[in-house]
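All remarks here apply to the structure that follows.
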Amino acid sequence: MEAGGADQIHIDVMDGRFVPNITMGLPIVSAIRKRTRLPLDLHLMIVEPEKYLADFVRAGADLLTVHVEACPHLQRSLAQIRELGVKAGAALNPATSPSAIEYVRDDLDLVLIMSVNPGFGGQTFIPAVYPKIREVRTLLGARSADVSVDGGVTREHVRPCVEHGATILVAGSAVFDGVDPGARVKELRQAAQW
Ligand code: ZN
């Protein structure tokens, strides 16, 4: 990933409760931390994420993203993340309105827009996210927060996502379903430069 020019490593943590699948947790994050200096962007698809925030920071996270659907006290969760000294993100499922982040805008370093329903890799990108990206960008106004798009992103989605206001694109299958992941990262980056 580093050789291909990736800006950061996005890690999908799934708990089998918030989403149907179980992926990886603290030991894997610690192991990845030892292998790279790139920022680790942790996408927590888990219920009650506030219980584990400090553990994930200790394991080496640079940014923690919680799901708005999993946080009844979203502002508190975001403030807690920043108090731990890392960046805070909020993720929106496809059915969740951008208005969910309207009153926590000043607590955010990143808004993650899911372009598939979270839980499994290899799903097809939902085009309804394009206007949503623009809506989130407008809601954020002049704030410097990033807008990230995650789920089913392939080369063909790169340009429209960027044109609508995305600043970070997360790719899983588009990178790892090949023999040379570094080359795939390069191709995705090239698609963002026109
Ligand atoms: Zn993710």
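Packing here is the average count of other Cβ atoms within 10 Å per residue, and on that basis the peptides 138-144, 18-24, highest first, run 18-24, 138-144. Could you look at segment 1-135 and say what percent of its accessible area is carbon and sulfur, using a 1.4 Å probe and all protein chains? The nonpolar share, carbon plus sulfur, comes to 52 percent. Partner aspartates and glutamates whose Cα lies under 18 Å from the Cα of residue 34, excluding those fewer than 8 positions away in the same chain, are identified as 2, 7, 12, 55, 62. Calculated FRET efficiency, residue 57 to residue 7, Cβ-Cβ distance, R0 = 22 Å: about 0.65 to the nearest 0.05.
Normalised by 2.2 N^0.38 Å, with N the number of residues, the alpha-carbon radius of gyration of segment 44-130 equals 1.08.
For residue 115, what is the net charge nearby, where nearby means another residue's Cβ is under 12 Å from its Cβ and Lys, Arg count +1, Asp, Glu -1?
Details: positive: 132; negative: 150.
Value of the local net charge: 0.
A crude spin-label estimate for the pair residue 47 and residue 76, with each label 7 Å from Cα along the Cβ direction, gives 1.7 nm.
Evaluated at q = 0.15 Å⁻¹, the base-10 log of the normalised Debye intensity for the chain, with identical point scatterers placed on the Cα atoms, takes the values -0.88.
Can you tell me the accessible area per residue over segment 1-115, all protein chains present, probe 1.4 angstrom, in square angstrom? Could you put the intermediate results ahead of the total?
Details: 5420 Å² over 115 residues.
The answer is 47 Å² per residue.
When ranked by the protection proxy of mean other Cβ atoms within 10 Å per residue, highest first, what sequence do the peptides 164-174, 48-58 form?
164-174, 48-58
Answer with one residue from 110, 67, 14: the one whose Cα lies farthest towards the positive end of the charge dipole of the chain, charges on Cβ with Lys, Arg +1 and Asp, Glu -1. Final value for the positive-end residue is 110. In straight-distance terms, cross-link reach from residue 132 covers every one of the lysines whose alpha-carbon lies under 23 Å from its own, apart from those fewer than eight places away in the same chain; here that gives 87.
Report the charge-dipole magnitude of the chain in Debye, nearest 20, computed about the Cα centre from +1 at each Lys and Arg Cβ and -1 at each Asp and Glu Cβ. Could you put the intermediate results ahead of the total?
Working: 20 positive and 23 negative charges, 57 e Å.
Here the size comes out at about 280 debye.
For segment 10-75, rounded, prolate or oblate, judged on the Cα gyration tensor with a ≥ b ≥ c (square roots of eigenvalues), a/c < 1.5 rounded, else prolate if a/b > b/c?
prolate
For the chain, the 222 nm mean residue ellipticity estimated from helices alone, with every DSSP H stretch of n ≥ 4 adding -39500 (n - 2.57) and the total spread over all residues, rounds to -9500 deg cm²/dmol.
The values are calculated or read from the model by the stated rules, or taken from the named source; none is laboratory data. Computed from a prediction, not measured in an experiment: that's the story for all the values here. For neighbour counting, all protein chains shown are included, and Cβ atoms are generated from backbone atoms with ideal geometry for every residue, glycine included. To get the accessible areas, we keep the full protein, side chains included, count just its heavy atoms, and leave off ligands, DNA and RNA. Shrake-Rupley method; radii C 1.70, N 1.55, O 1.52, S 1.80 Å.
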